[in-house]
Protein chains: 2
Amino acid sequence: MSGGGSPSRTRAARARRPRFERQLPQQRRQALIDATIECLKRYGHEGLSIRTISAQAGVSVGLINHHFPNKNQLIAAAYRHFNSELVGGLQAAVARAADSPRARMRAFLEASFCPPNLDQDALAVWVVFWGLYRHSRLIQRVQRDTYRGYVRLLRGMLAERLAQARAPHPRRPRRRGRPDLRLAAIGLTALLDGLWLEWCLEPGAFRPAEAVALCEAWVEDLCRR
Amino acid sequence: MSGGGSPSRTRAARARRPRFERQLPQQRRQALIDATIECLKRYGHEGLSIRTISAQAGVSVGLINHHFPNKNQLIAAAYRHFNSELVGGLQAAVARAADSPRARMRAFLEASFCPPNLDQDALAVWVVFWGLYRHSRLIQRVQRDTYRGYVRLLRGMLAERLAQARAPHPRRPRRRGRPDLRLAAIGLTALLDGLWLEWCLEPGAFRPAEAVALCEAWVEDLCRR
DNA sequence: GCTGCTGTTGTACGATCGTTCAACAACGTA
DNA sequence: TACGTTGTTGAACGATCGTACAACAGCAGC
């Protein structure tokens with residue numbers, strides 16, 4: 001209606017709103033990844049459809065296959081992004097903390113039990129990705145690539161925390177039954193993940209601060225052994 | 001080919017293999033539920049299709065809607081069965097154990113870290129169900145119905161275990177910082193679930209016995225406080 | 001203002017989805 | 001042996017799925 005019917009380059013024709021905006025591939029790819037995660041949060045596994053995602057991103061159905069070879073590659077890219085956001089956020093929180101093993105561990109735990117990590121929507125996203133894990137080599141590869149960074153971060157902090165606890169009495173004999181670092185890391189990871197899972201499933205069951213306290217108490221017990 | 005072309009009731013006609021076997025609704029329903037779980041183990045979320053499930057059960061596509069009003073009801077029934085198998089198995093293990101709080105707790109833990117509960121296939125099934133949780137009221141209802149039994153079992157055992165630990169010194173004042181039963185149950189559940197999850201994701205990372213030991217050490221620490 | 005590239009659109013296609021339903025057939029009953 | 005009940009089949013329906021592709025159009029460079 002509002003002008004522009006003529007093909008001649010009148011001022012009105014030039015001023016009309018473009019039907020779409022071209023973007024750099026990198027930006028568009030990221031927008032599609034964000035839309036994928038948003039769809040997972042809103043609709044769960046059913047949100048993983050080309051049409052749902054493209055609608056969420058405000059683009060046409062054909063665009064996804066222009067930027068990604070197929071749907072699975074988009075999902076894997078979204079999983080990679082989601083994972084690195086988590087690990088990156090935790091690393092940043094640790095880096096911001098005071099320069100002591102105890103403070104770093106606390107910062108790590110508090111970041112783990114805060115938004116955006118402690119979020120029911122986030123659990124919904126994780127769970128769908130986990131459900132794809134067994135039958136998608138792409139997802140398995142992303143998992144292997146990113147999980148390493150998480151384990152290294154947690155293990156490093158636990159190691160320096162335990163080392164500090166022993167430091168005041170360097171010649172004290174190692175008590176029988178002191179768990180090795182490997183089992184300690186396994187246990188802390190389990191407690192952390194389990195609490196995180198429980199809270200997301202039933203946010204009213206306990207407060208995030210209680211989860212942090214439970215984890216810290218666990219580490220304290222380890223140090224006292 | 002092999003006889004029976006004639007509609008007359010010859011002996012060959014009567015002896016021919018029936019094209020299908022009628023079953024009681026209850027039996028057929030259970031067979032469909034079993035097939036659903038088997039499909040989830042084999043194909044993950046993609047196994048949740050009417051055709052896949054009916055093929056697994058060896059019946060036609062139409063039969064499912066004869067025994068279940070729709071697909072979601074079948075899935076919910078499968079989830080209910082899967083849950084009660086778990087809780088029932090754990091209860092049975094506890095009932096078989098010696099009559100002491102410590103033995104019961106150990107039996108519970110060992111059953112938790114044994115097949116069929118400790119199983120990668122089982123995790124794949126759980127994860128798909130969890131992915132449906134947020135967007136299916138049916139699944140939410142089943143979860144609410146069955147999870148209660150699990151929590152009650154675990155909480156009861158932990159309560160008697162902690163009570164026993166206090167028993168020898170009934171008049172000893174309650175120490176500062178002793179966690180209440182509520183938080184203790186939350187922590188044990190988290191540790192248990194987290195270890196179970198970790199093992200299923202990476203079965204080589206630790207042995208089931210180590211998981212049991214970690215949980216028992218955690219309970220021991222609780223008792224000593 | 002024109003041209004070229006390429007990001008973007010939207011229709012079309014075949015496959016598969018959940019569900020329906022008329023017809024079939026197994027088997028208890030008389 | 002004939003009948004009636006009802007568990008069972010399998011074709012068919014419309015909807016939706018992922019992907020392909022020809023046409024369109026935004027925008028930089030000349």
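Quick note: the coordinates plus some simple rules give every number you see, no bench work behind them. The structure presented is a predicted model; accordingly, all values stated were derived computationally and were not measured. Positions of Cβ are generated from backbone atoms using ideal geometry, with glycine treated the same way; all protein chains shown enter the neighbour counts.
Between B:ARG141 and A:HIS135, the C-beta separation translates, for a Förster distance of 30 Å, into a calculated FRET efficiency of about 0.60. Counting Lys +1, Arg +1, Asp -1, Glu -1, what net charge surrounds B:PHE68 among other residues with beta carbon under 11 Å of its beta carbon? With Lys, Arg at +1 and Asp, Glu at -1, the net is +3.
Under 1.5 on a/c is rounded, so check that first for the protein assembly as shown, then, if it is not, pick prolate when a/b is larger than b/c and oblate when it is not; a ≥ b ≥ c are the square roots of the alpha carbon gyration tensor eigenvalues. Spell out each step's value before the answer.
Numbers: a/c = 2.45, a/b = 1.15, b/c = 2.12.
Taking the square roots of the gyration eigenvalues as a ≥ b ≥ c, the protein assembly as shown is oblate.
Between B:ASN65 and A:SER84, the simple spin-label model (points 7 angstrom out along Cα→Cβ) gives 4.6 nm. Can you give the net charge of the other residues whose Cβ lies under 11 Å from the Cβ of B:SER112, counting K and R as +1 and D and E as -1? Here the charged neighbours net out to -1. For chain A, relative contact order (Cα pairs under 8 Å, six or more residues apart, normalised by length) works out to 18 percent. Once the C-beta distance of B:GLN30 and B:GLN91 is scaled by a Förster radius of 25 Å, the resulting FRET efficiency is 0.75 to the nearest 0.05.
Can you give the local net charge around A:ARG134? Use residues other than it whose beta-carbon is closer than 15 angstrom to its beta-carbon, Lys and Arg +1, Asp and Glu -1. Please report the intermediate quantities before stating the final value.
Values: positive: A:ARG137, A:ARG141, A:ARG144, B:LYS41, B:ARG42; negative: B:GLU38, B:GLU46, B:ASP119, B:ASP121, B:GLU202.
The answer is 0.
Label separation (B:CYS114 vs A:ASP121): 4.4 nm, computed from points 7 Å beyond Cα along the C-beta direction. Once the Cα-Cα distance is subtracted from the 0.36 nm per residue extended length, the B:ASP99 to B:LEU183 segment shows a gain of 27.7 nm.
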